[in-house]
Amino acid sequence: MLPATVDPFPGETVRSLYIRLVERNSLTTGELWTAFRKMQQGLPLRTTPEVVPRLVEQLAGLPDGWFGRDDTERRLFIRCIHSGWAHERCRECSPLPTPLTMCRRCTGGQRVEGQSRSGAFCGHHRRWHYGGRDDEVVLASRFLRAERCLTGPLWSRGIGLDTGELELACELLSTYRELTDGDVASSDAAERLRDFYPEAVQLTAFLTEPSAQAFLNNTHIGCLPVVALIEASVAAVDSRSPSRLKDIREVFQTSGRDARVYAAASTMVRHGRSIAVGELGTRVRGSGPRLRAVFLRHSDARRPSSARQQRSPRRR
Ligand SMILES: [Zn+2]
Ligand SMILES: [Zn+2]
């Protein structure tokens with residue numbers, strides 16, 4: 001055990017705890033790693049504490065197996081054979097979310113990385129904490145609503161901060177904003193996530209509702225209607241108009257069941273806007289299959305064999 005220990009945070013990664021131990025004991029990451037290599041033969045030259053969680057536990061004064069304890073609660077939901085292909089958290093197959101820096105106010109100013117059921121906004125302190133940031137958020141109530149949606153319905157559908165859907169939603173929303181208002185969004189994905197978080201969460205939630213999923217899944221529906229409806233959804237979310245979203249939901253509901261009624265349904269949309277491909281749709285027209293695949297991705301069933309192969313590198 002090292003002279004000074006640190007208390008772990010729930011879901012904290014091995015690397016995060018290792019770095020905090022190093023800092024607490026006024027060492028460098030390389031110095032402690034050299035000590036590790038003397039204690040245990042065959043360790044790589046590069047500092048890789050994640051390969052020796054037991055050693056980190058010992059030095060931190062944690063009980064044996066602290067890093068290996070049951071973490072099913074913190075995993076993303078997944079469809080696999082163990083739950084009869086329903087979305088559940090499975091001890092065997094569910095992935096842990098990508099490590100995320102926790103809110104600095106919650107950690108007493110320390111940089112801590114954890115893997116838990118969480119988004120990028122701390123509702124207690126109203127701070128944005130993605131990627132090591134500690135930014136004040138002005139529209140806190142909208143961010144709080146997004147945070148609750150992400151860790152609630154979206155998480156239960158298997159969608160987390162870094163599973164791809166939110167990134168694509170941010171891309172669509174920022175392109176739309178650029179085409180309509182001329183606002184050029186940041187090219188940095190992390191900044192775009194902060195700039196479009198409430199809208200991206202809402203768009204993702206909308207496009208992963210059962211009716212939208214039935215529409216996207218219907219192989220009789222071509223890419224053009226898919227692009228047109230996704231564009232209409234982006235515009236509706238951006239306009240913050242619940243009635244426009246409701247209209248699109250109706251089109252999803254009627255045409256998801258039967259592709260033939262799509263044409264009829266799309267002309268039913270009110271507010272003088274029929275569903276046709278506009279500027280955003282023209283821009284992303286070639287990416288129809290990708291849009292479809294990303295917003296359907298979370299509903300893919302996990303095969304047990306591939307799950308077993310992916311099990312080892314999951315904890316970082
Ligand atoms: Zn399973
Ligand atoms: Zn906080």
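Within region 53-101, how many residues are over 26 Å from the mean Cα position of the chain (by Cα) and in contact (Cβ under 8 Å) with a residue 40 or more places away in the chain?
Residues in region 53-101 being over 26 Å from the mean Cα position of the chain (by Cα) and in contact (Cβ under 8 Å) with a residue 40 or more places away in the chain: 6 in total.
In region 82-106, how many residues are within 11 Å of ligand 2 (Cβ to nearest atom) and either surrounded by 18 or more Cβ atoms within 10 Å (Cβ to Cβ) or of a type in the set (Gly, Ala, Ser) (or both)? Let's see the steps before the verdict.
Of the residues in region 82-106, the ones within 11 Å of ligand 2 (Cβ to nearest atom) are 102-106.
Remaining after also requiring either surrounded by 18 or more Cβ atoms within 10 Å (Cβ to Cβ) or of a type in the set (Gly, Ala, Ser) (or both): 102-104.
Adding up the residues that qualify gives 3.
Could you check region 32-62 and list, in sequence order, the residues that are open to solvent by 80 Å² or more (accessible area, probe 1.4 Å) and within 18 Å of GLY11 (Cα to Cα)?
VAL51, ARG54, GLN58
I need every pair where a residue in region 28-44 that is farther than 11 Å from LEU55 by Cα has its Cβ under 6 Å from the Cβ of a residue that is open to solvent by 60 Å² or more (accessible area, probe 1.4 Å), sequence separation at least 6 or different chains.
Going by the 6 Å Cβ cut-off, the qualifying pairs are LEU43/ARG37.
Is there a residue being open to solvent by 40 Å² or more (accessible area, probe 1.4 Å), more than 16 Å from ligand 1 (Cβ to nearest atom), in a helix (DSSP H, G or I) and out of contact with any strand residue (DSSP E or B) (no Cβ under 9 Å at 6 or more places or on another chain) anywhere in region 127-134?
No, region 127-134 contains no residue that is open to solvent by 40 Å² or more (accessible area, probe 1.4 Å), more than 16 Å from ligand 1 (Cβ to nearest atom), in a helix (DSSP H, G or I) and out of contact with any strand residue (DSSP E or B) (no Cβ under 9 Å at 6 or more places or on another chain).
From the list SER287, SER299, which one is modelled with pLDDT of 85 or more, polar (S, T, N, Q) and in contact with a Gly (Cβ under 9 Å, 6 or more places away or on another chain)?
SER299
Taking region 75-119 as the region of interest, how many residues are closer than 18 Å to ARG157 by Cβ and either more than 10 Å from ligand 1 (Cβ to nearest atom) or not charged (D, E, K, R) (or both)? Walk me through it before giving the result.
If we filter region 75-119 for residues that are closer than 18 Å to ARG157 by Cβ, which is where we start, we get 75-80, 82-90, 93-98, 116-119.
Filter once more, so that each one left must be either more than 10 Å from ligand 1 (Cβ to nearest atom) or not charged (D, E, K, R) (or both): 75-78, 80, 82-87, 90, 93-98, 116-119.
Counting residues in region 75-119 that are closer than 18 Å to ARG157 by Cβ and either more than 10 Å from ligand 1 (Cβ to nearest atom) or not charged (D, E, K, R) (or both) gives 22.
Report, by residue number, each residue of region 107-126 that is open to solvent by less than 10 Å² (accessible area, probe 1.4 Å), more than 9 Å from ligand 2 (Cβ to nearest atom) and over 17 Å from GLY160 (Cα atoms).
Within region 107-126, VAL112 is the sole residue that qualifies.
Examine region 7-15 for a residue that is polar (S, T, N, Q) and out of contact with any Lys or Arg (no Cβ under 7 Å at 6 or more places or on another chain), and state whether such a residue exists.
Within region 7-15, not a single residue is polar (S, T, N, Q) and out of contact with any Lys or Arg (no Cβ under 7 Å at 6 or more places or on another chain).
Here are some conditions: (1) without any contact (Cβ under 8 Å) to a residue 40 or more places away in the chain; (2) over 19 Å from PRO198 (Cβ atoms); (3) within 13 Å of ligand 2 (Cβ to nearest atom). GLY132 meets all but one. Which one does it not meet?
All conditions pass for GLY132, except number (3).
Can you name the number of the only condition in (1) part of a helix (DSSP H, G or I); (2) open to solvent by less than 50 Å² (accessible area, probe 1.4 Å) that ILE19 fails?
(2)
Is it the case that ALA236 is of a type in the set (Gly, Ala, Ser), open to solvent by 10 Å² or more (accessible area, probe 1.4 Å), under 14 Å from ALA169 (Cβ atoms) and touching a helix residue (DSSP H, G or I) at 6+ places or on another chain (Cβ under 9 Å)?
Spelling it out, it is not the case that ALA236 is of a type in the set (Gly, Ala, Ser), open to solvent by 10 Å² or more (accessible area, probe 1.4 Å), under 14 Å from ALA169 (Cβ atoms) and touching a helix residue (DSSP H, G or I) at 6+ places or on another chain (Cβ under 9 Å).
When you go through LEU216, LEU245 one by one, which is the residue that is closer than 23 Å to THR175 by Cα, without any contact (Cβ under 8 Å) to a residue 40 or more places away in the chain and of a type outside the set (Phe, Trp, Tyr)?
On the way: LEU216 fails: without any contact (Cβ under 8 Å) to a residue 40 or more places away in the chain.
LEU245 is the lone residue from the list that is closer than 23 Å to THR175 by Cα, without any contact (Cβ under 8 Å) to a residue 40 or more places away in the chain and of a type outside the set (Phe, Trp, Tyr).
The values are calculated or read from the model by the stated rules, or taken from the named source; none is laboratory data. Since the structure is predicted, the reported quantities are computational estimates derived from the model, not experimental observations. Cβ atoms come from the backbone with ideal geometry, glycine included; neighbour counts cover every protein chain shown. The area values use the complete protein model at the heavy-atom level, side chains included, leaving out ligands, DNA and RNA. Shrake-Rupley method; radii C 1.70, N 1.55, O 1.52, S 1.80 Å.
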